[in-house]
Amino acid sequence: MLFLGAGHLSVQTLLSWGVVSGWVDRGIWAAVPIMGASTTAALRDAAGFWGGPGSFAVPLILLGCATWRLAARAVPLPAGVGWGLVAWSLISGVILVPSPFAAGSVAGALIIVAARRSDRPSREVPG
């Protein structure tokens, strides 16, 4: 998840560097129009924002960090988080073909497997 989110932000920033640098030149505040984006420049700003920092990449990075930290403590995420990630990845992958959304379903499946393993009773033999 960290790799997917960071990779998405990095590639998007590289591909739309002119848009991002334009935000800095004009000032970050209100650089991206919320409504009334009718000019080509305004549409580029909106697409640059929603494809980059406004996308799901930042929450995906945060979810990856939380997963990593909890895994270090042997605390799995709930299976519902994994199912949500799988559903989002598969639906988004069908809508936007070709795309790397399928990799998100792998991460979701791993979360589900970890949650299921933690729900099983211990198989230790008393003695």
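The values are calculated or read from the model by the stated rules, or taken from the named source; none is laboratory data. Computed from a prediction, not measured in an experiment: that's the story for all the values here. Using ideal geometry, Cβ is built from the backbone for each residue, glycine included, and neighbour counts are taken over all protein chains shown.
Taken over region 80-106, the residue count meeting the criterion of being surrounded by 17 or more Cβ atoms within 10 Å (Cβ to Cβ) and of a type in the set (A, V, I, L, M) is 3. Only one of the numbered conditions (1) surrounded by fewer than 16 Cβ atoms within 10 Å (Cβ to Cβ); (2) charged (D, E, K, R); (3) in contact (Cβ under 8 Å) with a residue 12 or more places away in the chain is not met by Arg73, and that is (3). Of the helices (runs of 4 or more DSSP H) lying entirely inside region 4-117, those containing at least 1 residues that are modelled with pLDDT of 90 or more are 57-72, 79-95.
Looking at this structure, is Ser92 of a type in the set (S, T, N, Q), within 24 Å of Ser118 (Cα to Cα) and assigned by TED's automatic domain parsing to the domain that holds Arg116? So Ser92 does not fit the description; no.
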